[in-house]
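Asker: Pasting a structure here, questions to come.
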Amino acid sequence: MGREFVAIGSWKSRIRTEIIAGLTTFLTMAYIIFVNPDILSKTGMDASALILITCLVTGVCTIATGLLADAPIAMAPGMGLNAFFAYTLVLTEHISWQTALGVVFLSGLFFLVLTLAGLRRKLVEAIPPSLIAAISVGIGLFITFIGLQNLGLVRDHPVTLVTAAPLNKTILIGLAGLLMMLFLEIHRIPGALLLGIAFSTALAAVFGEIALPKQFISADFRISTVAFQLDILGALKWGLFSSIFTLMFIDMFDSIGTLLAVAPQAGLADETGKIQKLDRLLAIDAAATMFGALMGTSTTTSYIESAAGIEQGGWTGLTAVVTGLLFLLSAFLAPLVAIVPSYATAPALIMVGLFMMKRIREIDFSDVEHGLPSFFIMVLIALCYSISEGLAFGFIAHTLIMLLKGKIRQMNPTLWIITGLSVLYFVFKVLREAGIRL
C-alpha cells in the first residue's frame, strides 16, 4: 500500500479511515480557534480578525504539510508561544504587537536558515534533554497560571501578589466546563477540550452571562486590521534578538518533540528510529511561522494533537488535508466563536498545562547538574510571567554548575553561545529599564 499522497488510487481502501482520522485531529485541537484569539487579543489586536486568521493559518499550513510532506501532522499557532507573544513581548516588554509579529517572522526565518543549512542538529544536540523537558513543563505551568487568571479563580493581591478569588457564577461555569473536559478525557472521547468550551459557553448563555449572536454563519472575511501589519524593521534591534532566539528555540524543540512522539505511530520513522523527511517537516514548520506572522498570528508549530488522528489510522497526508479543510470551513462560524467568554476557554488552558506537565518524569532532580537548572526554568517561567526569563536563568545556572563541577570542557560549544545569549538578555533588560534603547 503506497504512502505517496499523489498515488491516491493505491490506497483507496484507506480513504475513509484517513477522513475519520482528519476529523478526529480537528476535534482534538479545534479549541485553538477559541483560545488563540482570546490570548492574542489581550495585546489590542482585533479579536474578530484573529478568529478568521487562526482558522486560515491553521488550515493552509496543515494542508501544506499534507501535500508537501505526505504526513498526518497538523500545524497551528502554538500554545505557550502565543502566551510569550502576548504576555512577554507586548504586555511585559511593552513593544507593539506589530513589532512582535516582526519578531515572530524573523524567528521563523532564522529557523528556516538553520534547517536548510543543516545547523539544526548541532543546536538540538547541544541542549541536555532534561532542560528540553523542563521548558515544556515550565510553559505548562505558565499556561495553567494564565488559565486560572482568565477563569477568575486567581487574582492579584497587594501583599501576597496573588490569591484565590471567591467563587462566583462565571467561575463556577468555567469549572463546570473543566469537569466536562476531564470526564470526556477520562473516557477518551475526541474533542474533549472543544466540547468543554462549548458546554461552558452554553451554560453562560442559559444563565444570561452572554448574548447569542444575530447570525451564526458569516462570509465576511475582513482581516486587514491584523494581516500584513507586521513591523520587521522595528524587530531588527539588538534588544529584541534574545526574544527572536527564544521563539525560534521553543518552536524548534516543540516541533522536534512532537515529531519524535508521533513518528513511530505514523510510519514516519525507519528501522533505526530516524524520522524520514524531518528536515522537510521542519522547513514547512518554519515557513508556516513566517506565513502566520504575515497573516497576523504568533508562532505556528506542529501540534501533538496530531497523535489523536494517527491513533485512528491516519498515516498519510490526506489526514492533514482533511483537518486543514475543516479549519478553513470553521472560518464561517466566526460570529459564534466571538461570543465565547474567556472563562469558558480558560479550562482548556488548564488542561493543556496538565498535558505539558507529563515530561517532568524525564528530569532527574536527584542530580543537581540537571535538577537545579530544570527547576529554575520551570519555576521562573511561571513566576516571572516570562518564558525567556526562565530559559535565561536555566542556561546560565547549567553553565555555572558545570564550571563548579570542573566539567566545563565537556560542554558543547554551542551551549556556550546559548549561555552568552542568555547573559545578553539580562544586559539588554537592564539597559531597557535604564531607558537606553538599542
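Values in this text are rule-based calculations from the coordinates and carry no lab data. From a predicted model like this one, the values you see are computed outputs, not experimental measurements. No Cβ is skipped: glycine too gets one built from the backbone with ideal geometry, and neighbour counts run over all protein chains shown.
Asker: From the phi of every residue in the range 380-392, what ³J(HN,Hα) in whole Hz does the Karplus formula 6.51 cos²θ - 1.76 cosθ + 1.60 yield, where θ is phi - 60° and glycine or proline is x?
Answerer: Coupling constants for the range 380-392: 6, 4, 6, 6, 8, 6, 7, 5, 5, 4, x, 5, 4 Hz.
Asker: With the crude spin-label approximation of a point 7 Å out along Cα→Cβ, what separation in nm comes out for E185 versus F355?
Answerer: Modelled inter-label distance: 0.9 nm.
Asker: Also, quick follow-up: Which percent of the Cα-Cα distances in the range 192-247 go past 14 Å?
Answerer: Details: 1168 of 1540 pairs.
Cα-Cα pairs of the range 192-247 separated by over 14 Å account for 76 percent.
Asker: Moving on to the next point. Using the Karplus curve 6.51 cos²θ - 1.76 cosθ + 1.60 with θ = phi - 60°, work out ³J(HN,Hα) for each residue of the range 326-331 in order, rounded to whole Hz, and write x for Gly and Pro.
Answerer: Listing the rounded values in order: 5, 5, 5, 5, 5, 4 Hz.
Asker: Then there's this: Give me the tail of P(r) for the range 355-438 as a percent: Cα-Cα pairs with distance above 15 Å. Mind showing how you got there, number by number?
Answerer: Working: 2239 of 3486 pairs.
In whole percent, the share of Cα-Cα pairs in the range 355-438 beyond 15 Å is 64.
Asker: Another question about this same structure. Which part of the range 39-68 falls in the paramagnetic zone of K214, meaning amide N under 19 Å from the point 7 Å along Cα-to-beta-carbon?
Answerer: 47-49
Asker: Still on this structure: Note the full-extension length gain between R280 and V430 as 0.36 nm times their separation in residues minus their Cα-Cα distance, in nm to one decimal. Present the calculation step by step, with values, prior to reporting the outcome.
Answerer: On the way: separation 150, 0.36 × 150 = 54.00 nm, distance 3.95 nm.
Length gained, R280 through V430: 50.1 nm.
Asker: Ordered by residue, what ³J(HN,Hα) values in Hz, to whole numbers, does the range 174-191 give under the Karplus form 6.51 cos²θ - 1.76 cosθ + 1.60, where θ = phi - 60° and Gly and Pro are x?
Answerer: x, 5, 5, x, 5, 4, 4, 4, 5, 4, 5, 5, 4, 8, 6, 8, x, x
Asker: Further question on the same structure: Taking every Cα atom in the range 89-186, find the radius of gyration and the maximum pairwise distance Dmax, and write them in Å.
Answerer: Using the Cα atoms of the range 89-186, the pair Rg, Dmax is 19.5, 55 Å.
Asker: Same structure again: Work out the P(r) tail for the range 10-432: percent of alpha carbon pairs separated by more than 38 Å, whole number. Kindly include the intermediate steps, with their values, before the conclusion.
Answerer: On the way: 15525 of 89253 pairs.
Of the Cα pairs, 17 percent sit more than 38 Å apart.
Asker: Exposure proxy check: Y343, Y87 ranked by fewest other beta carbons within 10 Å?
Answerer: Ascending number of Cβ neighbours within 10 Å: Y87, Y343.
Asker: Over the range 113-202, what is the relative contact order in whole percent, taking alpha-carbon pairs under 8 Å and six or more residues apart?
Answerer: Reported as a whole number, the value is 15 percent.
Asker: Taking other Cβ within 10 Å of each residue's Cβ, how do R359, R409, R16, R280 sort, fewest first?
Answerer: Neighbour counts put them in this order, fewest first: R409, R16, R280, R359.
Asker: Using Cα centres only, tell me the gap between the range 26-80 and the range 344-414 in whole Å.
Answerer: The range 26-80 and the range 344-414 have Cα centres spaced 27 Å from each other.
Asker: Roughly speaking, what is the stretch gain from L325 to T160, that is 0.36 nm per residue apart minus the C-alpha to C-alpha distance, in nm to one decimal? Spell out each step's value before the answer.
Answerer: Working: separation 165, 0.36 × 165 = 59.40 nm, distance 4.75 nm.
Between L325 and T160, full extension yields 54.6 nm more.
Asker: Still on this model: Filter K42/K358; K237/K429; K358/K429 down to the pairs with a C-alpha to C-alpha distance above 23 Å, please.
Answerer: Checking Cα-Cα distances, K42/K358; K358/K429 exceed 23 Å.
Asker: While we're looking at this one, here's another question. With +1 on each Lys and Arg Cβ and -1 on each Asp and Glu Cβ, how big is the dipole of the chain about its Cα centre, in debye rounded to the nearest 20?
Answerer: Result for the chain is approximately 220 debye, rounded to the nearest 20.
Asker: Whose amide H sits under 5 Å from the amide H of V162, counting only residues 5 or more places off or on another chain, with H placed in the peptide plane?
Answerer: For V162, the qualifying residues are H157.
Asker: Averaged over every viewing direction, what's the projected area of the C-alpha convex hull for the range 326-402? Give it in nm², one decimal, please.
Answerer: 7.5
Asker: Highest first, please rank the peptides 64-71, 168-175, 94-101, 213-220 by the mean number of other Cβ atoms sitting within 10 Å of their residues. Write out the running numbers ahead of the final one.
Answerer: Numbers: 64-71: 22.8, 168-175: 18.5, 94-101: 21.0, 213-220: 11.1.
Descending mean neighbour count gives 64-71, 94-101, 168-175, 213-220.
Asker: Assuming R0 = 25 Å, what is the FRET efficiency of L236 and K122, from their Cβ-Cβ distance, to the nearest 0.05?
Answerer: Result of the calculation: an efficiency of 0.50.
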